[in-house]
1. At least 3 residues that are under 18 Å from Leu151 (Cβ atoms) in each: list the helices (runs of 4 or more DSSP H) lying fully within the range 166-282 that qualify.
2. Any residue that is outside any helix (DSSP H, G or I) and over 24 Å from Met180 (Cβ atoms) - is there at least one of those in the range 129-143?
3. If you take the residues in the range 39-71 that are in a loop (DSSP other than H, G, I, E, B) and acidic (Asp, Glu), which one is surrounded by the most Cβ atoms within 10 Å (Cβ to Cβ)?
4. Looking at the range 135-149, which of the residues that are more than 23 Å from Ala264 (Cβ to Cβ) and open to solvent by less than 80 Å² (accessible area, probe 1.4 Å) is nearest to the chain's Cα centre (by Cα)?
5. Which of the residues belonging to the range 89-113 are more than 11 Å from Cys153 (Cα to Cα) and either among the hydroxyl-bearing types (Ser, Thr, Tyr) or surrounded by fewer than 20 Cβ atoms within 10 Å (Cβ to Cβ) (or both)?
6. Residues in the range 264-274 that are surrounded by 14 or more Cβ atoms within 10 Å (Cβ to Cβ) and either within 13 Å of Asp211 (Cα to Cα) or of a type outside the set (Ser, Thr, Tyr) (or both): how many?
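The values are calculated or read from the model by the stated rules, or taken from the named source; none is laboratory data. Bear in mind the structure is a predicted one, so any value in this text is a computation, not a measurement. Ideal geometry is used to build each Cβ from the backbone, glycine not excepted, and the neighbour counts take in all protein chains shown. The accessibility values were calculated without ligands, DNA or RNA, using every heavy atom of the protein model including side chains. Shrake-Rupley method; radii C 1.70, N 1.55, O 1.52, S 1.80 Å.
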Amino acid sequence: FFFFFFFQAEDGIRDVERSRGLGDVYKRQRLDPANEKHLFQRYLQQLLLRLTDTDPLVQEAACASAIALIDSIPELITPYAFDILQIFVGALEAYKGPALTGLYDAIGKLVESIYQEKIREDEKSLELLLPAMFKRWNETKDSDRLLCPLLECFQSLIKALGADFEKWIEPVLDRTLRLMGNMLPLIEADMDSAAHKTPVADEEFVIRSIDVIGELCSSIGPGLEPHLAKRGAAPASVFLAACHSRNVQVQQYSCALIGDLVKAAKEYMRTPLPQIVALLAS
């Protein structure tokens with residue numbers, strides 16, 4: 001009952017101490033699905049309330065707890081998945097900074113671990129989640145670091161939706177290719193710069209974009225090929241440039257992506273593949 005004593009008392013505690021206390025409570029949560037279902041319901045109710053808190057530190061701690069619950073007791077979370085999703089979608093409008101990063105992680109975990117493939121037939125959840133996600137997608141600038149966790153969240157969504165994500169593929173494929181195309185020259189310029197200790201480029205934008213395209217390969221499969229083909233040689237040029245990068249991480253991720261692309265878009269990759277193989281061989 002310590003959870004409920006804390007939740008009742010914490011309204012009078014300063015925000016910083018309150019968020020630390022929440023974090024400590026969340027790390028110690030131990031709920032036995034067989035014997036403590038009634039306690040879990042009360043705990044979840046209080047947790048959902050904290051997800052609507054206006055203090056960013058409390059928001060961040062509440063998201064961390066939600067992720068821990070989804071990981072540890074998914075069988076108890078599942079009946080409340082839509083209620084949790086509603087809170088998450090509402091929070092998308094309000095959260096900022098690290099709290100928003102935590103929210104993206106929590107949404108990805110909920111979609112991938114609880115909904116899984118079932119979300120494909122759940123029109124109610126899709127109609128709630130996708131417009132809110134794409135609103136954030138459109139509002140987040142290419143230079144915003146919060147785009148990286150948002151890309152990871154979309155990766156989870158693509159995995160859960162599988163081939164059904166093809167109807168939403170266009171803006172996602174466009175942006176990931178654009179991010180790679182714009183950022184790769186900056187990364188190479190940083191490699192040449194004498195001021196390399198303070199790079200202007202961030203390879204994480206490229207790596208997260210590669211991860212998303214790789215997930216599109218795995219989830220949509222051959223359905224990806226026409227979307228690449230209608231863009232002509234531009235995607236192939238981006239993939240070749242990524243493989244040519246002197247940034248070790250970018251090169252490693254790019255090589256793995258090429259394998260995924262060959263499986264999903266064999267005909268499209270037939271033209272650039274000899275260049276890529278020759279590059280890797282050298």
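1. Qualifying helices (runs of 4 or more DSSP H): 169-192, 203-220, 234-244, 248-264.
2. No: zero hits.
3. That would be Asp53.
4. Top of the filtered list is Pro149.
5. Val89, Gly90, Leu92, Glu93, Ala94, Tyr95, Lys96, Gly97, Pro98, Ser113, listed by residue number.
6. The number of residues fulfilling the criteria is 5.
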